[in-house]
1. Those residues that are surrounded by fewer than 18 Cβ atoms within 10 Å (Cβ to Cβ) and touching a residue at least 12 places away in the same chain (Cβ under 8 Å), I need them from segment 609-622; list them, please.
2. Would segment 487-510 turn up any residue that is of a type outside the set (Asp, Glu), surrounded by fewer than 16 Cβ atoms within 10 Å (Cβ to Cβ), closer than 30 Å to ASN628 by Cβ and in contact (Cβ under 8 Å) with a residue 24 or more places away in the chain?
3. So how many residues does segment 278-337 have that are outside any helix (DSSP H, G or I) and free of Cβ contacts under 8 Å to residues at least 40 places away in the same chain?
4. Considering only segment 461-497, how many residues are farther than 21 Å from ALA558 by Cβ and out of contact with any Leu (no Cβ under 7 Å at 6 or more places or on another chain)?
5. Conditions first: (1) surrounded by 19 or more Cβ atoms within 10 Å (Cβ to Cβ); (2) under 30 Å from ARG376 (Cα atoms); (3) of a type outside the set (Gly, Ala, Ser); (4) outside the structural domain of ARG640 (by TED's automatic domain parsing). PRO774 passes all but one, so which condition is the exception?
6. Please go through (1) part of a helix (DSSP H, G or I); (2) more than 30 Å from TYR383 (Cβ to Cβ) for ALA756 and return the number of the only condition it doesn't satisfy.
7. Looking only at helices (runs of 4 or more DSSP H) that lie completely in segment 154-243, which have at least 3 residues being at pLDDT 90 or above?
8. Quick check on segment 408-459: of everything there that is surrounded by fewer than 18 Cβ atoms within 10 Å (Cβ to Cβ) and of a type in the set (Lys, Arg), which residue is nearest to ILE624 (Cα to Cα)?
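The values are calculated or read from the model by the stated rules, or taken from the named source; none is laboratory data. Because the structure is a prediction, the values reported are computed rather than measured. Neighbour counts run over all protein chains shown; Cβ positions are idealised from the backbone, glycine included.
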Amino acid sequence: MCRVGSHCLPPSLSGQNRVVPFLHPLPISSPSLSLSPFLPPSLHLSLSLSLSLSSSMSHSEMMHRRHTTLREKGRRQAIRGPAYMFNERGTSLTAEEERFLDAAEYGNIPVVRKMLDESKTLNFNCVDYMGQNALQLAVGNEHLEVTELLLKKESLARVGDALLLAISKGYVRIVEAILGHAAFAGGLRLALSPLEQELRDDDFYAYDEDGTRFSQDVTPIILAAHCQEYEIVHILLMKGARIERPHDYFCKCGECTEKQRCDSFSHSRSRMNAYKGLASPAYLSLSSEDPVLTALELSNELARLANIETEFKNEYRKLSMQCKDFVVGVLDLCRDTEEVEAILNGDVDQASPNAHTQFCLNQSLSSDHARPCLSRVKLAIKYEVKKFVAHPNCQQQLLTLWYENLSELRQQSVGVKCWTVLGVMMGLPFLAMAYWLKPCSKLGQILRSPFMKFVVHAVSFTVFLGLLVVNASDRFKGVKNLPNETITDHPRQVFRVKTTQFSWTEILIMKWVLGMIWSECKEIWAEGPREYLMHLWNVLDFGMLSIFVASFTARLMAFLKASKAQLYVDLHVSNNDLCNASLPTDVAYFTYARNRWLPSDPQLISEGLYAIAVVLSFSRIAYILPANESFGPLQISLGRTVKDIFKFMVIFIMVFVAFMIGMFNLYSYYLGAKYNPAFTTVEESFKTLFWSIFGLSEVISVVLKYDHKFIENIGYVLYGVYNVTMVVVLLNMLIAMINHSYQEIEEDADVEWKFARAKLWLSYFDEGRTLPAPFNLVPSPKSFYYFVLKTRAFLIRLCKVGSRRTDSELEMGMLNSHPKLNHHRHRPRTQDRFTLKKPINNPTRYQKLMKRLIKRYVLKAQFDRENDEINEGELKEIKQDISSLRYELLEEKSQATGELADLIQQLSHNLTKNTKQP
């Protein structure tokens, strides 16, 4: 929009109209020439020199200003673009309004002050073609003095937009000045977004579409959190601003339902903006009393939302990773063990002695200290914050706890540790007996250390695997009797009695299984069924033990039935040789050789289940592999490969079933008319296609004995397409998936291994389960003590419940009113972590430590940001300051020039009067 007249000049020139006539060379030079004869030579010379210099300087300065104005005007027009694209309302500005907006934009403080004070017709809420008023222009160019002048005016519009603009640019002093405006008294404006304030009858925000550059659901505190402005966030929090946590995604309340119905996209974007603010390190560090816990829980919530709101998956994942990085950043700033323990354990002042510590105190035995609970580490493992768990500070603390009471062993070589493991293996029964008798002795404390617990459990499981091998050792060179033979100890013995008896190794295996079942039951009781099933190794243990139980149960059923048959023989059969005796069918069955057993025979089922259980038992070795740095990454890659195979099986089964049914439909009518039975039944079709993946099927499988070439050709085509699809495409795709997973693990092998090792270590940090199977089956004095404590606590709870029921009639009114009070009192507790807390008079040690760490984090973040920022912002700020200073100097200079012109005019007038006098 082109401006004409004096308004084409900058404010400094347009505001000096009264001085320009006195600076023109002709009016000034004429009096000087007419007065020259009457002046002394020295005065005439100095006056002429000063006037000539003033004239030349004024002329050159005006030309320079003119070129500068044209250049700045061209730059502004290039940035703003054509006016007709924006000014839809067709409103035009008066010359006074244009001059006022220019002065506000360029920081011309004298002109702005003069126009605000003197002009009666000025509309200081006028807007340019971009919809920005003077306050927004001043804030956008960081003119603090102009902003303060405008804020003094009543009925000032778009104060909220100016605040958002100042926050987005990080102008802290301007933000403070705007927050001092009367509109923000009480803090209500800070809690409402522009959309929520739209119903108010004021111009606090620009509610038209082109009036603001920010989303209508963005509040000042949300915007400050988005921009990572720590100081501004702190200022807003001190004034009571907060970020409302969005409702659950599946919330069906009236508010969420209405927003979803009116505009689902805006509702989703508002949720995203709120979560961006909540996940901001600036807001996390300044708004929560426990930023670590808040960030961990928020990261898990965002990760869950990434799987629910798939359209915003990348955004939610970035926010979740941002929360995790914040936790890692705070942990990285720890400088001593106390600070690390505060982060890993939570509130250190609330640690209470556990049952074992209390038992040792009652036995008048020393216990150095209660083992830390590591609640934050467990939470980080649950939410898979791998960098936090694998951080050196966390690993150092975990390693210290791992070798608790064994600090000397920590610095020993691998050979010494191996000899220690061997010694524990040889003396495990004696160690268990000593722990039964004196669990709180020095030896008991050593056995309770996580490292020793790991060793004794690993030794116990190794012995269990050895028993499985020994149990099969008598058949290494083959069995003594063939499947069609029966061997008995004496002629009257039933053959199945001999085969179903349990050997001594099998009895020991059963004891070990019972011990492991008891250990798993205690773990389920301690963690809960849901938490227990969340760990895949627990599922493997549960499956392995269940199969062992099923196998031994089937074996026991077979033995009982065989014993029943033997009892019948002993009571009712008189022949010394059962081969010549006439036996009932159900009794004679137990004298048959293996080749005549039914497929559903309990002993056959027991042997099949036992084989599966043995395989699962040996696969359980992979659980302890993360303890080693070399085998740990391999075990992690193997686990990731299994997951890839399960994903691949979906496509594999779909293609496999399609070809299996198709080939069966094609060849099912040719049973007996083929060179082999392939594809003639569903079973044969499955076998042929499955083994063809490994190259164990022949092409003759599709050939017919009859001259049905069309069917044969269709069979050739389908079989060829199947092999190409399976072998060439799908199997290579599976190999590529496995290779990709392995590369991911290999690129971050150290973090993955340390995370897996920490998961293994934490399973041995909790008190209890010191003795492994089968030694845990024998109750110890400590177990009786625990039982007494729990029974006492249960009885106390029962007594309290009984007393409450007795007094219920007397306090019915209070009891009826309390739930309502509690209901209203606890409703907002879900937002407690995200609201501003009142200053604590007596902070705990944990709160002091967290405050210290957060101070370091904020200072580091601000320092890094200052170093990372390009100097363009600082140069722009300097440029704005110079521009404001230039206008002030020009104002002062123009006033001085005007005063000089007045003096010269007075002097010339006086000289003229003197010359006229006789």
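1. Step one: of segment 609-622, the residues surrounded by fewer than 18 Cβ atoms within 10 Å (Cβ to Cβ) are 611-612, 615-616, 618-622.
Across segment 609-622, the qualifying residues are ILE612, LEU616, PHE618, SER619, ARG620, ILE621, ALA622.
2. no
3. Number of matching residues: 2.
4. 12
5. Condition (2) is where PRO774 drops out.
6. (2)
7. Working: elements: 159-169, 172-179, 188-191, 220-226, 230-238.
It comes to 159-169, 172-179, 220-226, 230-238.
8. LYS417
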